[in-house]
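Reviewing the structure listed below.
Every number here is computed from the coordinates shown, using simple stated rules; none is lab data. This is a predicted model, so every value here is computed, not measured. Methodologically, a virtual Cβ is constructed for each residue, glycine included, from the backbone with ideal geometry; neighbour enumeration extends over all protein chains shown.
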């Protein structure tokens, strides 16, 4: 957490060399991020082929057709309209799922980092293991667990919580949020672990020496120090959750749990309104950029504070 | 736009075959990416909306001629562009052996994805499976080539009426492949009632006994069509805003009344017990027997289609893209599929979607055990096409209105 070294002058030979090393990365971003994003923009501002009804991107920004955005904004700002309902629902689901993920991920990461001991490697492998199975397969597994004669019902009936099997897949929000939490929580544990593991033990010892109780040490030293990691974890899982559509599709399939991603999918998969789907993507990205911007601002501020 | 019975998104067969995850992202993105290729679309001046009341004879263009008669089939690789699980692998294997060629099948997951690629001219498939609502546009864009009937004698094996279909008079650009109806599948072992016992069979969707086990097809045309029929609106291709509003409100009322869910995995949802009532394609009702869990027999399944035949009907076709590298071989393949035995095997052993072969009468299908006796209603008869209503293409304005209504329902407002 030291002050970053002062930027090397532009005229410096070595500086140019090091800047040159960034070129492959910049090229990569341009080819695989900027260009595809421009295509999406051109589709969103484009038209459809009159004959085949396939999207026709408008490459020239001067001739962009804004009707898809007008339609999307109308739906977003009309109370009770489809887009607004789905957008608010998505926000609520992501908020709840992220909060639950944090409550689960923090203690797990904390435990592995502080008390993992010689099991640390094994515990880490266990945390990474879910990545070996595709997200989709894991959700399909949940369908089997949650179905009428699945293990969830059997266990709940065995311990006497339920008298009869409950239909967890009947389109309830809780099942979708469970799916989101289950699917994304490992992505939150890893950055938290990486950060908690690096906390300088001498800081904690100093706190104890100065008379802080273990809880006070956690509250006044560990927790503030892990602030940027918590924020990073939230950003890492919240961003993909906003675009998720297969979790609600698989674990619910009901209209009352559909997310913004489902509306994007509906418009992009078929029909002659692909620009509307692309416009939804752009609007969602703008919204996420705001969140991302706050994250960058907050981490920069934390760096400065810690460096001071 | 209309989904196709094979637009089954998360079907297990499909999933396992494709190896899961990337499939989603890819299928959605491909529509966007295909757009980059631009299009070679021609003028839409001659575009007509084909319906049974307005059968259309599509033009033959000088610069898009059919192949000459009497040519030898090409060697090499026959490339098929199809829905997944819509062609029995043994058909490919046997055809390859008989003709000494290789057969390669590529899958698409939505009609729009396929149309985007075929119309771009960037792909050179030999055999393609279009839908009735898109074939006109593909023909006018010269993406398909006219067929030479001399290579297709087996078309005589089909029902006489379907040899001259309303969507392509004279079968100039396509040959029929399968037929189906859209009815209601239900579990006789779970429910005390059934659609045929109700004064208005479509009321079954509101049955509180099946709440949480209620499914409609995830299809912006099929699902609202049943809402229209429930209200006695027989013009299922209506574009009247009042009709669209009515269908939308009926659909919305199902959210609270039945916790309705949307899926195109009707062929597994019903036999596996996820659904007790499921709007269903007849081909799925026939396939369902393969997905019954241990201890459940086909007697537990029911399929309702209006007794007077005034329900939803559909048919599929096969065509040859203009860009085909092996057009003669492709003609032979089409004829091969129209063969009575091959068509029957393909249906009975694998797809569950019935080819319109004259030889397949309902009694034979039941006695052969292809269709369980209690699912006899899922067999399509030639006469059904006189009474039932196909979902035809809509005007762009109509299609937009329906899609937006569907999106609003799916938003769960």
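Scanning the stretch A:35-52 for residues that are facing chain B (nearest Cβ under 7 Å) and within 18 Å of residue B:117 (Cβ to Cβ) returns A:39, A:43, A:49, A:51, A:52.
When the residues of the stretch A:109-132 are narrowed to those that are surrounded by 13 or more Cβ atoms within 10 Å (Cβ to Cβ) and under 19 Å from the mean Cα position of the chain (by Cα), which ends up farthest from the other protein chains (Cβ to nearest Cβ)? Among those residues, the one meeting the criterion is A:109. Within the stretch B:348-401, the set of residues being within 14 Å of another protein chain (Cβ to nearest Cβ) and touching a residue at least 12 places away in the same chain (Cβ under 8 Å) comprises B:391, B:393, B:394, B:395, B:397, B:398, B:399, B:401.
Within the stretch B:380-389, one or more residues are touching a helix residue (DSSP H, G or I) at 6+ places or on another chain (Cβ under 9 Å) and part of a helix (DSSP H, G or I).
Identification of helices (runs of 4 or more DSSP H) wholly contained in the stretch B:218-320 with 2 or more residues that are under 27 Å from residue B:376 (Cβ atoms) yields B:222-230, B:266-269, B:282-287. Under the condition of being part of a strand (DSSP E or B), more than 9 Å from residue B:302 (Cβ to Cβ) and more than 14 Å from chain A (Cβ to nearest Cβ), the residues counted in the stretch B:183-214 number 1. Of the residues screened, residue A:87 is one that is within 12 Å of chain B (Cβ to nearest Cβ), within 17 Å of the chain's Cα centre (by Cα) and in contact (Cβ under 8 Å) with a residue 60 or more places away in the chain.
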